[in-house]
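The values are calculated or read from the model by the stated rules, or taken from the named source; none is laboratory data. Source: prediction; values computed, not measured. Cβ placement follows ideal geometry from the backbone for every residue including glycine, while neighbour counts extend to all protein chains displayed.
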Amino acid sequence: MSSRAALAHISALIKAKRREDEIGLREAAQLSGVSASTLSRLERGAATSLPDSGTLTKLANWLEVTLSSLLSDKEKAVASQPQLSTPEVVEVHLRAAKELSPETAKALAEMFKTLYDHCLQTQGSKNKT
């Protein structure tokens with residue numbers, strides 16, 4: 001897995017974990033042992049390189065995944081691994097696409113999420129009638 005794809009994967013896992021646990025960035029930093037600024041940079045996809053091995057180990061422990069699964073393109077079914085939503089999966093793939101700039105990948109991911117949410121709302125209102 002390229003470092004860009006690994007960073008996108010880590011970003012999505014952090015987002016999913018914080019969403020599932022309903023915690024803010026500061027609490028996530030305390031629980032993980034990783035600084036809030038580093039977590040923020042990783043979650044936003046602003047990191048330009050992989051963190052050091054100590055930080056990766058702390059992240060893996062907090063995310064309850066193996067270190068190799070953070071850096072592997074093989075999705076392992078780990079019961080405790082946070083489940084990614086469809087928009088998050090799409091965002092991971094867009095961020096990993098070498099042909100797209102990080103800004104373009106982010107914009108496309110936001111557009112997809114907006115359209116996806118709109119479709120869910122439309123679908124939900126149709127099912128209620």
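Summed over the range 49-64, residues that are closer than 20 Å to VAL89 by Cα and either in a loop (DSSP other than H, G, I, E, B) or acidic (Asp, Glu) (or both) total 2. Within the range 85-101, residues that are exposed (fewer than 14 other Cβ atoms within 10 Å of the Cβ) sit with their Cβ atoms under 9 Å from residues that are not in a helix (DSSP H, G or I), at 6+ positions apart or across chains, in these pairs: LYS98/SER2.
No other residue among THR66, THR38 is more than 11 Å from the chain's Cα centre (by Cα), more than 24 Å from ASP117 (Cβ to Cβ) and modelled with pLDDT under 90 apart from THR66.
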